[in-house]
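Student: The structure's right below; bear with me while I get my questions together.
What follows is calculated from the coordinates using simple rules that are stated; it is not laboratory data. Source: prediction; values computed, not measured. Cβ: placed from backbone, ideal geometry, glycine included. Neighbour counts: every protein chain shown.
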Amino acid sequence: MAELQNDRFLRALLREPVDRTPVWMMRQAGRYLPEYRATRKQAGSFMDLCRNKELASEVTLQPLERFPLDAAILFSDILTIPDAMGLGLRFETGEGPVFDNPVRSMADAKKLFVPDMASDLGYVMDAVSTIRKDLNGRVPLIGFSGSPWTLATYMIEGGSSKTYSIIKAMMFDQPATLHHILDVLADSVIAYLNAQIEAGAQAVQVFDTWGGVLTPRDYNEFSLRYMHKIVDGLKRENDGRKVPVILFTKGGGQWLEAMADTGADALGLDWTTNIDDARARVGDRVALQGNMDPSILYASPERIRQEVATILAQYGNGSGHVFNLGHGIHPEINPEHAGAFINAVTELSGQYHK
């Protein structure tokens, strides 16, 4: 593999000194870019795009051609694992993912299995190694997975949900069934992320998109417990270099101390927690990633720059901050506004690293 030319993202995650704050965006390869929409059209469907290693690499690299980003993130979907379990995933226009065979009982749960990473999910590993080759050492590549709780919400609800009524009913009435599902998912995520690391991912992130819908008690039992199991099971070094692990729970700002106890290297923050408060609470135990409200990108470039300056000042001096949005970039954002955000980070952050 080519020598890494820019490793400030990896160094910041390990709280090592950097010359400026590294920056990337969740969903940076996506619908806000016209070139992405063109490639997606060429692929035929979203999953066809994920399964074509050349096109997956092309869209992963598209934002790097536009912006001075410090990391690339694998182009894939969080639902690849449940899809490989044979639950009949399809994407409906306007309503998102749908599972034809949702998991609703212990009998359904007992049919679940850890997918074979080479045969069932080999296309993801092919994409990882192709992207690493095409990056040629420009920036590190991030691999990722959904968290067990988040994957389970889609598998049990049968798609997206506003109320989480089916999974929460199971959680309260059939906790043993839900724990069985989460356990198989945690084992699957460990195998999946380790396979991505072996294929060339240089850092990994677990997206716990729906952890924030739980009470503190239920978050600990049904979400964090399984992310902790994943952190414990991951390969933390490859190619003679540490592989940092980022945990991101949307709406999870009240649980940062417990998240830091898992042994993860970094925690993602959404925009509902101030980064200075988060830093005061976790100290130097973990790096922090975030946390600008993605909606700021609808504002003028001047206002975006002001917000970047505010967040940098809130975090203050020293390493351990990876600048990001507090969730994924919205599809309607003007790419020039994304550029204004990234340029502001690269231009304004050096003063905090002297």
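Student: What whole number of Å gives the distance from the Cα centroid of the range 104-132 to the Cα centroid of the range 9-41?
Tutor: The distance from the Cα centre of the range 9-41 to that of the range 104-132 comes to 25 Å.
Student: Oh, and also: Please identify which residues in the range 136-180 have an amide N closer than 12 Å to a label point set 7 Å out from the Cα of M106, following the Cα→Cβ vector.
Tutor: Those under the cut-off are 174-180.
Student: Can you compute 3J(HN,Hα) from phi for each residue in the range 292-297, using the Karplus curve 6.51 cos²θ - 1.76 cosθ + 1.60 with θ = phi - 60°, rounded to whole Hz and x for Gly and Pro?
Tutor: With coefficients 6.51, -1.76 and 1.60, one gets 6, 4, x, 5, 4, 5 Hz.
Student: Calculate, for E65 and T215, the FRET efficiency according to 1/(1 + (r/R0)^6) with r their C-beta to C-beta distance and R0 51 Å; round to the nearest 0.05.
Tutor: 0.70
Student: Helix 301-315 against the longest principal axis of the chain: what's the angle in degrees, Cα atoms only, rounded to the nearest 10?
Tutor: The answer is roughly 80 degrees.
Student: Something else: Quick one: Cα centre-to-centre distance for the range 219-267 and the range 306-354, in angstrom?
Tutor: 23
Student: Using DSSP to define loop residues, name the GluC sites (Glu not before Pro) in the range 269-354 whose beta-carbon has at most 10 other beta-carbon atoms within 10 Å.
Tutor: Sparse-neighbourhood loop GluC sites (Glu not before Pro): E332.
Student: Helix 148-157 sits at what angle to the longest principal axis of the chain, using alpha carbons and giving 0 to 90 degrees rounded to 10?
Tutor: Tilt relative to the chain: about 50 degrees.
Student: Determine the percent antiparallel among the DSSP beta bridges restricted to the range 29-287, to the nearest 5.
Tutor: Of all bridge pairs located within the range 29-287, approximately 30 percent are antiparallel.
Student: Report, in degrees rounded to the nearest 10, the 0 to 90 angle that the Cα long axis of helix 335-348 makes with the longest principal axis of the chain.
Tutor: Helix 335-348 and the main axis of the chain meet at about 60 degrees.
Student: Another one. For n ≥ 4 DSSP H runs only, could you compute -39500 (n - 2.57) per run for the chain, divide by its residues and tell me the 222 nm figure to the nearest 500?
Tutor: About -13000 deg cm²/dmol.
Student: Still on this structure, I have one more. For a quick size check, give me the Cα extents of the range 1-58 along its three principal axes, largest first, whole Å.
Tutor: Taking the Cα atoms of the range 1-58, the three principal extents are 44, 27, 16 Å.
Student: Counting only residues 5 or more places away or on other chains, whose amide H sits under 5 Å from the amide H of L89 once H atoms are built in the peptide plane?
Tutor: D100
Student: For K133, put the label point 7 Å out on the Cα→Cβ axis and report which residues of the range 26-61 keep their amide N under 15 Å from it.
Tutor: 52-58
Student: If you don't mind, there's one more thing I want to ask. Report the one residue of L312, I329, P301 whose Cα lies farthest in the direction of the positive end of the charge dipole of the range 279-354 (charges on C-beta: Lys and Arg +1, Asp and Glu -1; origin at the Cα centre).
Tutor: Towards the positive end, the residue furthest out is L312.
Student: Over the range 1-138, what is the relative contact order in percent, taking alpha-carbon pairs closer than 8 angstrom and at least six residues apart?
Tutor: 31
Student: Averaged over all directions, how much area does the convex hull of the C-alpha atoms of the chain cover when projected, in nm²?
Tutor: 15.9
Student: State, to one decimal in nm, how far the label point of I166 lies from the label point of A280, with both points 7 Å from Cα in the Cβ direction.
Tutor: 4.4
Student: While we're looking at this one, here's another question. Across the range 208-250, how large is the tail of the calculated P(r) beyond 18 Å, expressed as a percent of all Cα pairs?
Tutor: That tail contains 36 percent of the Cα-Cα pairs.
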